[in-house]
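Visitor: My structure is below; once you've seen it, I'll send some questions.
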């Protein structure tokens, strides 16, 4: 009788642990390639190319962006916001020095970039139900004070 109780306990613990690991998976995580043809930049011009790498962190994400801007210059941005909406340092973001993030649902996050505590852009990023596309809608002002209204489409790699 004792081995049977141990086996049942082991199964129950395994289900709980594996279930929490599966639940902890974040749909935002992965390597995403910018689809310039499907994206719209206002004001333009669009970057030439870009790769977005999203890694899971405790209660948040680590985001790295590498690419080439419209003028052919290398771009590198990094930040690791938590889902708590609090500002964290951001490097390489034109005109911004911090970013905050909130999780809306399993497929959606919203980030706000700021300079000196003043909000610049709000970006809502949605992963498609099939997990193959990530679309970011960005609104606000850029570092030059121009109105921003971008739709940025990424394909999962």
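Visitor: State the Cα centre-to-centre distance between the stretch 81-103 and the stretch 53-75 in whole Å.
Guide: The stretch 81-103 and the stretch 53-75 have Cα centres separated by 12 Å.
Visitor: Using the basic label-point model (7 angstrom from Cα toward the beta carbon), what is the residue 97 to residue 146 distance in nanometres?
Guide: About 2.4 nm separates the two model spin labels.
Visitor: Indicate the gyration tensor shape class of the stretch 27-156 (rounded, prolate or oblate), computed on the Cα atoms with a ≥ b ≥ c the square roots of the eigenvalues: a/c under 1.5 is rounded; otherwise a/b larger than b/c is prolate and the rest oblate.
Guide: rounded
Visitor: Which ordering of 106, 69 is given by a fewest-first count of other beta-carbon atoms within 10 Å?
Guide: Placing the least packed residue first, the sequence is 106, 69.
Visitor: Next up: Using a 7 Å offset from Cα along Cα-Cβ at residue 68, what residues in the stretch 30-50 end up with backbone N under 15 Å from the label point?
Guide: Only 34-37, 46-50 fall inside the zone, counting backbone N under 15 Å.
No lab work stands behind these numbers, since they all come straight from the coordinates. Bear in mind that the values here come from a model prediction, so they are computed numbers and not experimental data. Every residue, glycine as well, gets a Cβ built from its backbone with ideal geometry; the counts of neighbours run over all protein chains shown.
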